[in-house]
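Visitor: Following this message is one structure expressed as structure tokens.
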Amino acid sequence: MFRMTRTEDGLTLTELMVALFLLVVVSAVFLPSLISGMRATTQISNVARSNDDARLTLQRIDREIRAAEQICNPTPGNTSDSLRFITRAYTSVSTATGTQDITYQVNGTDLEKSRDNGTTWAPVVGGVVNATVVDDQYNAQVGRALGTVGVPLFTTQGLPVSSSTSTSVVALPSYGKVITVRLWIDESPTDNISPIMLTTELSGRNIWTPNGPACSP
């Protein structure tokens, strides 16, 4: 009985080497797939987060535009990579008029925001590729040659109509009030995920004089 409790049965060196060899073979087969899956999951997660940030940004701009009094840039019927407007969306303003001069612009691949007419800037969302993405439908609408220019971020709808009875200008219903936003997002240009376009139309319900004195520099 004493000898039986002191048995020295176990793995031989040959058995251990075979087990290690099988472990290496199995790892070589499945490890690349595991790493690839983890990378794909990370990429998809980053893209989803970037798209969510972009959507929240559009919602924020929408709230600000609703309370805007004037849209300074782009001018009616034109396009631009920057959006500037005078708004009362913020209640804690220190200006004498109770308004703020808000500007959004594309800087590289970042959409930036300024609350003081371009004096200071803060990044809002990254991965913006409007400067390099050309949308066939958009270029066909505006009559541009494909592949020559990126898609502008902001478009102001409406054009003034000259009155034949006077020198005044009659504004169309959307003149200087409706902004179309076309935001192309690509979290990582090196992955295999194509850029995603987020588009919406924003309306300034308080805007009746699109380019008045408040828009002057």
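The values are calculated or read from the model by the stated rules, or taken from the named source; none is laboratory data. Please read all numbers here as calculations on a predicted model, not as lab measurements. Side chains are part of the model used for accessible areas, which takes the heavy atoms of the whole protein and leaves out ligands, DNA and RNA. Shrake-Rupley method; radii C 1.70, N 1.55, O 1.52, S 1.80 Å.
Visitor: Give me the number: length gained by fully extending V18 to F30, i.e. 0.36 nm times residue separation minus the C-alpha to C-alpha distance, one decimal in nm. The partial results should precede the final answer.
Guide: Values: separation 12, 0.36 × 12 = 4.32 nm, distance 1.84 nm.
Extra length from V18 to F30 when fully extended: 2.5 nm.
Visitor: Which whole-Hz couplings ³J(HN,Hα) result when phi for each residue of the stretch 81-87 is put into the Karplus expression 6.51 cos²θ - 1.76 cosθ + 1.60, θ = phi - 60°, listed in order with x for Gly and Pro?
Guide: Per residue, the Karplus-derived 3J(HN,Hα) values read 8, 9, 10, 10, 8, 9, 9 Hz.
Visitor: Amide H to amide H, which residues 5 or more places from N73 or on other chains are under 5 Å from it, using H placed in the peptide plane?
Guide: Placed amide hydrogens put R84 under 5 Å from N73.
Visitor: What's the extension gain from Q43 to R60 if we count 0.36 nm per residue and subtract their Cα-Cα distance?
Guide: Full extension of this stretch gives 3.6 nm more.
Visitor: Roughly to the nearest percent, how much of the accessible area of the stretch 100-140 is carbon and sulfur, given a 1.4 Å probe?
Guide: 45 percent
Visitor: From the phi of every residue in the stretch 52-63, what ³J(HN,Hα) in whole Hz does the Karplus formula 6.51 cos²θ - 1.76 cosθ + 1.60 yield, where θ is phi - 60° and glycine or proline is x?
Guide: 5, 4, 5, 5, 5, 5, 4, 5, 5, 4, 4, 4
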